[in-house]
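As structure tokens, the structure follows; a few thoughts come after it.
The values are calculated or read from the model by the stated rules, or taken from the named source; none is laboratory data. This is a predicted model, so every value here is computed, not measured. Please note: Cβ atoms are built from the backbone with ideal geometry, for glycine as well, and neighbour counts cover all protein chains shown. Heavy atoms of the whole protein, side chains included, go into the accessibility calculation; ligands, DNA and RNA do not. Shrake-Rupley method; radii C 1.70, N 1.55, O 1.52, S 1.80 Å.
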Amino acid sequence: MEEELAQMRQELAQTRQELAQMRQELAQTRQRVTALETVVHNLADAGARLSVIANELADVAGNVNAAVHVAGVDAAVVEPQSVVAPVIVIFINIRGFTAAMRERTPSEAARMCHRLSTTTDAIICAAGGLIYPSNPVHGKLVKIKDIGDCQLLCVLEASPAAALLAIEACFSVLHQFPPPDLHVGIAAGNVAVGKSGFNNRIDVFGTTVNLASRLEGFAGPGQVAGDSVFGRLLLAVRSPDIHVEGPLQMPHPPKGLPSSQFYLVSRPPVPPPKSPSTIEKAVSIIRSIFSEPAPSVASRPAPAAAPPAAVAAA
């Protein structure tokens, strides 16, 4: 019995030693955690200071850019040269967007604009075009910029082929947005093509751009309103899939536009499949009967064999 008590005392002493060791390790762990918390706080303070420094650097950069712009130090960057070129300008706008925003949230407005922008981008890329190009590319369909609920596109050429490329892109966008969701206006003519600001992207300027933005208001559901130059280019294509109506007269032409005439372009409705009449069905049956191929020699029945000759009587 005494031996068992001695063994229990020994185990108890050993357990006390282990507990003391665990307390010591726990104290060390708490010291490490405290040190780590101090490091985290120091890093947070450093991040805040870096954020302040970054904002100050951005302000300095903005001031430097403004100073460069005012002083005209780098004319090649600040005031790039523009070229005047014949271009087809396309404006695509969400119909009734301003009025609709009175009943919708800003998030819904952003989703509407995002859907139009991504749809337009996909159609441009499918046509081999470019999004926000930094240099003009002749004959390509390009996206110049987003203007709120409006898309500004261009074909950097004014020819019948370019007019066909432009109108096909417009019809593709209209197909994705059931009428009367969009306004589309197109104008063809000379514009100044150059770079604007520090974003290194091309932009277009001139009366033709203003005309395209004004024409979109004259387009009905599923239609594209084009100016007189674009209408004549499209008529030269002579496509049976495109209906061109005009020239029409603007009811209240805005001042300063080169022409008050415009064209309305649309897809002709596809007629429903025509069911054959009774006479046509009869003619089809008769033709099928008489057009059957004659049976081949192999399929003809073999002639009956002649009876064997009688044996002469002995």
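For N210, state whether it is modelled with pLDDT of 90 or more, in contact with a Ser or Thr (Cβ under 8 Å, 6 or more places away or on another chain) and more than 25 Å from D241 (Cβ to Cβ).
No: the conditions fail for N210.
Is there a residue being modelled with pLDDT of 80 or more and within 30 Å of A162 (Cα to Cα) anywhere in the range 6-13?
Narrowing the range 6-13 to residues modelled with pLDDT of 80 or more: 6-13.
Okay, now just the ones that are also within 30 Å of A162 (Cα to Cα), so none.
So far as the range 6-13 goes, no, none of its residues is modelled with pLDDT of 80 or more and within 30 Å of A162 (Cα to Cα).
What do you reckon, is A219 within 24 Å of R115 (Cβ to Cβ) and in contact with a helix residue (DSSP H, G or I) (Cβ under 9 Å, 6 or more places away or on another chain)? Show your work before the answer.
On the way: within 24 Å of R115 (Cβ to Cβ): yes; in contact with a helix residue (DSSP H, G or I) (Cβ under 9 Å, 6 or more places away or on another chain): no.
No.
Quickly run through the range 162-175 and pick out the residues that are polar (S, T, N, Q) and surrounded by fewer than 16 Cβ atoms within 10 Å (Cβ to Cβ). If you could, list the steps in order and put the result at the bottom.
Going through the range 162-175, the residues polar (S, T, N, Q) turn out to be 172.
None; the set is empty.
If only one of V283, V237 is of a type in the set (A, V, I, L, M), surrounded by 12 or more Cβ atoms within 10 Å (Cβ to Cβ) and modelled with pLDDT under 75, which one is it?
On the way: V237 fails: modelled with pLDDT under 75.
Going through V283, V237 in turn, just one is of a type in the set (A, V, I, L, M), surrounded by 12 or more Cβ atoms within 10 Å (Cβ to Cβ) and modelled with pLDDT under 75: V283.
To keep it simple, each residue is scored yes or no on (1) modelled with pLDDT of 85 or more; (2) among the aliphatic types (A, V, I, L, M); (3) over 30 Å from G194 (Cα atoms).
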position: E3; (1), (2), (3): no, no, yes
position: V33; (1), (2), (3): yes, yes, yes
position: V68; (1), (2), (3): no, yes, no
position: V73; (1), (2), (3): no, yes, no
position: A76; (1), (2), (3): no, yes, no
position: S82; (1), (2), (3): no, no, no
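Being under 18 Å from the mean Cα position of the chain (by Cα) and either on the phi > 0 side of the Ramachandran plot or open to solvent by less than 30 Å² (accessible area, probe 1.4 Å) (or both) is the filter here; which residues of the range 94-112 pass it?
Answer for the range 94-112, where residues must be under 18 Å from the mean Cα position of the chain (by Cα) and either on the phi > 0 side of the Ramachandran plot or open to solvent by less than 30 Å² (accessible area, probe 1.4 Å) (or both): I94, A109.
Could you list, in sequence order, all residues of the range 180-201 that are exposed (fewer than 15 other Cβ atoms within 10 Å of the Cβ) and either of a type in the set (A, V, I, L, M) or under 21 Å from G220 (Cβ atoms) (or both)?
P180 - this is the single residue of the range 180-201 that is exposed (fewer than 15 other Cβ atoms within 10 Å of the Cβ) and either of a type in the set (A, V, I, L, M) or under 21 Å from G220 (Cβ atoms) (or both).
State all residues of the range 124-161 that are open to solvent by less than 30 Å² (accessible area, probe 1.4 Å), more than 14 Å from A212 (Cβ to Cβ) and of a type in the set (A, V, I, L, M); if no residue qualifies, say none.
Across the range 124-161, the qualifying residues are I124, L141, V142, L156.
How many residues are within 16 Å of the chain's Cα centre (by Cα), in contact (Cβ under 8 Å) with a residue 40 or more places away in the chain and over 19 Å from L235 (Cβ atoms) if we restrict to the range 149-194?
12
Which condition number in (1) modelled with pLDDT under 95; (2) within 15 Å of the chain's Cα centre (by Cα) is the one that S134 fails?
(2)
Kindly list, by first and then second residue, each pair from a residue in the range 226-238 that is closer than 9 Å to A163 by Cβ to a residue that is open to solvent by less than 10 Å² (accessible area, probe 1.4 Å) and of a type in the set (D, E, K, R), limited to pairs with Cβ atoms under 9 Å and residues at least 6 apart or on different chains.
Here the result reads none, with nothing in the range 226-238 linked to a residue that is open to solvent by less than 10 Å² (accessible area, probe 1.4 Å) and of a type in the set (D, E, K, R).
Out of everything in the range 248-264 that is open to solvent by less than 60 Å² (accessible area, probe 1.4 Å) and in a loop (DSSP other than H, G, I, E, B), what residue ends up being modelled with the lowest pLDDT?
Restricting attention to the range 248-264, the residues satisfying the condition of being open to solvent by less than 60 Å² (accessible area, probe 1.4 Å) are 248, 250, 254, 257, 259-260, 262-264.
Next, only the ones that are in a loop (DSSP other than H, G, I, E, B) stay: 250, 254, 257, 259-260.
Numbers: M250: 87, P254: 70, L257: 74, S259: 75, S260: 81.
Selected residue: P254.
Yes/no per residue for (1) part of a helix (DSSP H, G or I); (2) among the hydroxyl-bearing types (S, T, Y); (3) within 16 Å of C170 (Cα to Cα):
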| site | (1), (2), (3) |
| --- | --- |
| E216 | yes, no, yes |
| A225 | no, no, yes |
| R238 | no, no, no |
| G246 | no, no, no |
